[in-house]
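Comments concern the structure below.
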Amino acid sequence: MILGDEFEELVFDPGQFLNEEEIDYVRAFARPYAVAVLFRSLLTQLRKTHPELTAERLKTYFTEIARDVYWLFAKPDANEQADQLISIALGFLPINLVLDIDDTELEPDDDEPSIVKFVNAIFPEPHSDDPFQQKKIRIVVRFGKVIEDTINKLTRKIFTEAEVTL
């Protein structure tokens, strides 16, 4: 999960609407986006039984795990790569979740949902009404939804099995 290999072979643009540079962006951001979704999903599940758990504590855990994984794969600058992965991943999440801020303290519409941030990472320019551009955006959104659905199913399964065995 940390290295993102499970998304390397996934064909998400069968019509080849995205150019090679855009595909490279999607693949590069898929890994941190998957980590972000996993972070959100685990925090949601864990807070059901441990409401005192903070996002900061989970962030520390994720960073240590990412460092360990990069070291195991003998990546140069493993700590820096792990820190960057977690930093980018958390950037996809709403600020109130990452900083443990109560939603009521934020202005309405103060932060975008994570899927919007994922799309904006791939297409940083303002989105046009061009139908071809809109089709590209739909492809990226669909890919992001595949990541979200896969991780949410996985965490639900893990926590369901854990409840059965406890």
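The values are calculated or read from the model by the stated rules, or taken from the named source; none is laboratory data. Not measured: the values here are computed from a predicted model. Because the Cβ atoms are built from the backbone with ideal geometry, glycine has one as well, and the counts that use them run over all protein chains shown.
Just one of (1) at pLDDT 85 or above; (2) within 27 Å of E125 (Cα to Cα) trips up L10, so point out which.
All conditions pass for L10, except number (1).
Of the residues that sit in the range 87-103 and are modelled with pLDDT under 90 and among the β-branched types (V, I, T), which one is farthest from A121 (Cα to Cα)?
I101
Checking the structure you have, find out if any residue of the range 67-75 is in a helix (DSSP H, G or I), buried (at least 18 other Cβ atoms within 10 Å of the Cβ) and at pLDDT 85 or above.
Among the residues of the range 67-75, at least one is in a helix (DSSP H, G or I), buried (at least 18 other Cβ atoms within 10 Å of the Cβ) and at pLDDT 85 or above, which makes the answer yes.
Take L106 and decide whether it is at negative phi, out of contact with any Asp or Glu (no Cβ under 9 Å at 6 or more places or on another chain), at pLDDT below 80 and not basic (K, R).
Answer is yes for this residue.
Taking only pairs six or more apart or across chains, which ones have beta-carbon atoms under 8 Å, a first residue in the range 141-156 that is of a type in the set (A, V, I, L, M, F, W, C) and surrounded by fewer than 18 Cβ atoms within 10 Å (Cβ to Cβ), and a second residue that is at pLDDT below 90 and not in a helix (DSSP H, G or I)?
V146/L10; V146/F12
Checking the structure you have, find out if any residue of the range 89-98 is out of contact with any Asp or Glu (no Cβ under 6 Å at 6 or more places or on another chain), of a type in the set (A, V, I, L, M, F, W, C), assigned to a helix (DSSP H, G or I) and within 14 Å of R31 (Cα to Cα).
Yes.
Six or more apart or on different chains, Cβ under 6 Å: which pairs go from a residue in the range 61-78 that's in contact (Cβ under 8 Å) with a residue 60 or more places away in the chain to one that's assigned to a helix (DSSP H, G or I)? Could you list them?
Matching pairs, first to second residue: A66/A82; A66/L85; A66/I86; Y70/A78; Y70/Q81; Y70/A82.
Of the residues L43, L58, L53, which is assigned to a loop (DSSP other than H, G, I, E, B), over 23 Å from A28 (Cβ atoms) and either basic (K, R) or in contact with a helix residue (DSSP H, G or I) (Cβ under 7 Å, 6 or more places away or on another chain) (or both)?
L53
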